[in-house]
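A short worksheet on the structure shown next.
The values are calculated or read from the model by the stated rules, or taken from the named source; none is laboratory data. All values derive from a computational prediction rather than experimental measurement. Please note: Cβ atoms are built from the backbone with ideal geometry, for glycine as well, and neighbour counts cover all protein chains shown. Surface accessibility is based on the protein's heavy atoms, side chains included, excluding ligands, DNA and RNA. Shrake-Rupley method; radii C 1.70, N 1.55, O 1.52, S 1.80 Å.
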Amino acid sequence: MTGRTPGPEDVAVPPEGGPGDARQAKRDKAADRAAVRAFRPSRRAPAIVVALLLTLLGLLVAAETVSALLGDPLRLVPYDRMLGWAVSTPWSNPLFVLASMVVALLGLALLITALVPGRPRMMPVRTGDPDVIIGLRPKSFTRALAHAAEEVPGVHSAHATLRGWTVAVTPSTSGWDKERFAQEVRAAVLARLAGLDLVEPYRVTVDVKERK
């Protein structure tokens, strides 16, 4: 996955035109946001794990509290030994430092999982209407771009791979002018990408392979 922000030279730009009033522009942005949210992963697995752990912890605390109030504590957790260890263990103890680091890393991992958006299962397409949401499967997306590359004269076959926000196209040709083929394939793929009118921008890289 590339860390460089796509520039105008390698990102498909949708054709200009259409309604230009502020209301339509606002509606288009709302539609884009709705499409991105609709296909964003829900992070169910981490949420279920955290919910189960919190539920078990709550049940344990409730059981220990009620049993202590009734005069017969369950002592499912050895609190006395834990308290004694905590009181007698200095902050510089390697075991204490290690345990603190593990807890901090687990908390940081959960926080990152919650904040960083995952890769959507579908690729949102612009519709201009927040109530109309359309998405492309990544496999269909790469197949369409590979077909666009194969339509270039001299290209026998092509393969497209999605890597993060970059589409890597590998056309196979019998010619020697790799630079010309690369430019023509790139132009054809960018034209097809612009026609798909996806919400998110994608870079296109071309690596021409010679077929003997």
* Structure fact -> Count of lysine pairs, the chain, Cα-Cα under 30 Å, sep. 8 or more residues or interchain, comes to 6
* Structure fact -> With the convex hull built on the alpha-carbon atoms of segment 96-143, volume per residue in Å³ sits at 99 Å³
* Residue among LEU83, LEU60, ALA34 farthest towards the positive dipole end of the chain, charges placed on Cβ -> LEU60
* Asked: Can you pull the percent of the chain's accessible area that's carbon plus sulfur, 1.4 Å probe, other chains left in place?
  -> 64 percent
* What does the helix-only formula give at 222 nm for the chain: each DSSP H stretch with n ≥ 4 adding -39500 (n - 2.57), the total divided by the residues, and the result rounded to the nearest 500 deg cm²/dmol? -> -17000 deg cm²/dmol
* To do: Multiply the residue gap between ARG163 and GLU64 by 0.36 nm, knock off their C-alpha separation, and tell me the result in nm, one decimal place.
  => 30.5 nm
* **Cut-off 12 Å between beta-carbons: net charge of the residues surrounding PRO130, Lys and Arg +1, Asp and Glu -1** => +2
* Under 13 Å, Cβ to Cβ, from HIS159 - net charge with Lys/Arg +1 and Asp/Glu -1 -> +3
* Based on the Cα atoms of segment 60-203, what semi-axes does the equivalent ellipsoid have, where each is the square root of 5 times one gyration tensor eigenvalue, given in whole Å with the largest first? -> 61, 22, 12
* What whole-number value in Å² describes the accessible area per residue of segment 111-188 for a 1.4 Å probe? -> 57 Å²
* Along each principal axis, Cα extent of segment 44-97, largest first, Å -> 38, 37, 11
* Structure fact -> For the chain, the longest principal axis of the Cα atoms and the Cα long axis of helix 178-196 enclose an angle in degrees, to the nearest 10, of 70 degrees
* Structure fact -> Note to self: C-alpha centroids of segment 185-209 and segment 38-63 sit apart, in Å, by 41 Å
* **Fraction of the pair-distance distribution of segment 52-137 above 21 Å, Cα-Cα pairs, percent** => 64 percent
